[in-house]
Amino acid sequence: MRRRDFLQASLAAAAVLPVQRLIAADAASVADVPARTFTGSITTVRGSDIRDLAASMRGPVLVAGQDGYDSARRVWNAMFDKKPAVIARCASPSDVMRAVTFAREHQLLTAVRAGGHSLSGKSTCDGGIMIDVSLMQGVRVDPKARIARVEGGSLLAHLDRETKAFGLVTTAGTVSHTGAAGLTLGGGFGRVGRRFGLACDNLRSVDIVTTNGQLLTASDEENQDLFWGLRGGGGNFGVATSFEYRLHEMNPTILGGVIAWPGAQARDLLRFYAEFSHSAPDELNTDLTLAPGPNGQSLAMLEVCWSADKAAGERALKPLRAFGKPLFDKIGAMSYLAMQSGNDESSAAGSRFYSKSGFFTDMTPAITDTLLEAFENAAPGRVAIMLQQGGGVIGRTAVNAAAFPNRQANYWAMAAIGWKDAAEDEKNIATARGAWKRIEPLTSGFYVNSMSEDEYSRVAANYGPNYARLQKVKKQYDPVNLFRLNANVLPA
Ligand SMILES: Cc1cc2nc3c(=O)[nH]c(=O)nc-3n(C[C@H](O)[C@H](O)[C@H](O)COP(=O)(O)OP(=O)(O)OC[C@H]3O[C@@H](n4cnc5c(N)ncnc54)[C@H](O)[C@@H]3O)c2cc1C
């Protein structure tokens, strides 16, 4: 199917979908609402304008007090209990065009939401507009051309499930209820990233509504600069309505699982892991976690995913499985899909969460010892230290091939803490910050998809040689910086 045909087909499919009641039931009674502009001032959005927007859209438009408003404004991290003045729940690309135009004309502070997993709560806002594409879900795989066309609100679970049916895969993250849009636009690390590149490296094209309200296709053939910027530049340029990914053949049964050691063996394990992971083939991904165990003792866990020939994987994993005295070893043949959703429950939405993160190029002894000290000195049983592996194809891709700048990142490290009670916010944030303080000087750059507020002033430095080009693209497609709730690039 040609690209244009696909766009037409998506619009037609959306037209017959039983989308929920499209115009909020009590739209007729919408009052004027106070709202926040993107420059920070307070304005009033007329109820009649909101009614017009609702009447022009197929998806619902919601304001406080209407049915569905509270569930629509909820995001993964419960720390961000924000109240947008307007939520535009888009059901199609033309809805997105109307919502973006409305946001620009009213100069509203604009948040864009797909899977809602922004760790720093950037997909919601107080008083502005939330442009929500989470109703736009759907994946169409073309197995012959090895392409997946994915609607802008789809979750990784949708992508993985549909591609797997054809023995195909592309890089997706490690928790399957994460949105494909946010993850891909910022980079996209995952269990097959070392073998196939970041999610953004696998993009063939993106359909996007930019600030002027027009729907564009960005690819190697058209709007090339925009396409370059979208692969790592996050949500800076508009609202993506669909993505085309390149797919790869892969056996849907992988060799994977978790192997764990008691915390007492963590120091030696970390040293061993530094060597082992450094020399690992691209087909092997290993993610390490230091975490409090169920009985109060700490655990060092490695989750592995070998995505190629099983016998070769068993050989590659032999030294790891022979290391020290594991508490358990649950590595075996398993479905890739089961592995991709294995962390879904433990990472469910609704908890409060705070993390600090950054990249390491190499795991030097200074780094492994610091990670351990940070973990051990944090209040016992509270902070987890996690390392997700990069490198492989990701690291062999040129820094200027796409906007994603951190190609040297062999390890994405995070100090994370989750909790339920808002009364513990201050204490827990301080604990995570305290742990990270020791680690941060050893990092080189950070991942825009896991930034905390502290990093927002360092976005330009983090993009390094790619920042100037990003600024030019920003100026062309979002000169007023409507899309600023992200790792914000200032227009040139
Ligand atoms: C539990 C969990 C696990 C994670 N695991 C991984 C992982 O394995 N690998 C990895 O790389 N990252 C991972 N992340 C980080 C993840 O990549 C980011 O949080 C990402 O932004 C989530 O995308 P989303 O669509 O769910 O988020 P949202 O909160 O909906 O969006 C986040 C941001 O992305 C932009 N955005 C979203 N949708 C669009 C759109 N349609 N058009 C334009 N801009 C848009 C906006 O700037 C928005 O603020 C994880 C996060 C969580 C919470």
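The values are calculated or read from the model by the stated rules, or taken from the named source; none is laboratory data. Here the structure is a predicted model, which means the values were calculated and not measured. With ideal geometry, Cβ positions are generated from the backbone for all residues, glycine too; neighbour counts draw on all protein chains shown. The area values use the complete protein model at the heavy-atom level, side chains included, leaving out ligands, DNA and RNA. Shrake-Rupley method; radii C 1.70, N 1.55, O 1.52, S 1.80 Å.
Quick notes on this one:
- Cα point-scatterer Debye curve for segment 30-78, base-10 log of I(q)/I(0) at q = 0.15, 0.25, 0.29 Å⁻¹: -0.50, -1.06, -1.10
- Size descriptors for segment 326-451 (Cα atoms only): Rg and Dmax, in that order, 16.3, 46 Å.
- Cα-based convex hull volume of the chain per residue, rounded to whole Å³: 135
- Stokes-Einstein D in µm²/s, Kirkwood radius over Cα pairs - segment 371-410 at 10 °C with 1.306 mPa s viscosity: 128
- Summing charges over all other residues whose Cβ lies under 10 Å from the Cβ of VAL209, with Lys and Arg as +1 and Asp and Glu as -1, gives -1.
- Between ALA165 and ASP329, the distance separating the two model label sites (each 7 Å from Cα on the Cα→Cβ line) works out to 3.8 nm.
- For segment 198-237, the spread of Cα coordinates along the three principal axes comes to 29, 21, 13 Å, biggest extent given first.
- Per residue, the chain reaches -8500 deg cm²/dmol at 222 nm when only DSSP H runs of four or more residues are counted, each adding -39500 (n - 2.57).
- FRET efficiency estimate (nearest 0.05) - Cβ-Cβ, ASP70 to ARG46, R0 30 angstrom: 0.80
- Förster radius 51 Å - calculated FRET efficiency between ASN377 and VAL480 (Cβ-Cβ, nearest 0.05): 0.65
- Based on alpha carbons, the Rg and Dmax found for segment 243-290 are 14.9, 46 Å.
- Take every pair of alpha-carbon atoms less than 8 Å apart whose residues are at least six positions apart; their mean separation over the length of segment 72-144 yields a relative contact order of 41 percent.
- Residues of segment 285-379: accessible area per residue with a 1.4 Å probe, Å²: 44
- Rounded to the nearest 0.05, the FRET efficiency derived from the C-beta distance between ARG458 and ALA264 at R0 = 25 Å is 0.10.
- Binned Cα-Cα distance frequencies in segment 78-195 - 10 Å width, integer %: 14, 40, 30, 14, 2
- For the set LYS325/LYS356; LYS82/LYS420; LYS83/LYS420; LYS164/LYS420; LYS164/LYS356, the pairs lying more than 27 angstrom apart at their alpha carbons are LYS325/LYS356; LYS164/LYS420; LYS164/LYS356.
- In summary, the aspartates and glutamates within cross-link reach of LYS474, defined as a Cα separation below 14 angstrom excluding same-chain residues under 8 places away, comprise ASP225.
- Based on C-alpha pairs under 8 angstrom that are at least 6 apart in sequence, the chain has a relative contact order of 14 percent.
- Calculated from the alpha-carbon coordinates, segment 233-381 shows an Rg and a Dmax of 17.5, 51 Å respectively.
- With semi-axes defined as the square roots of five times the eigenvalues of the C-alpha gyration tensor, the equivalent ellipsoid of segment 126-197 measures 23, 15, 9 Å, largest first.
- Value of D in µm² per second that Stokes-Einstein yields for segment 210-290, Kirkwood Rh from Cα pairs, at 10 °C (1.306 mPa s): 92
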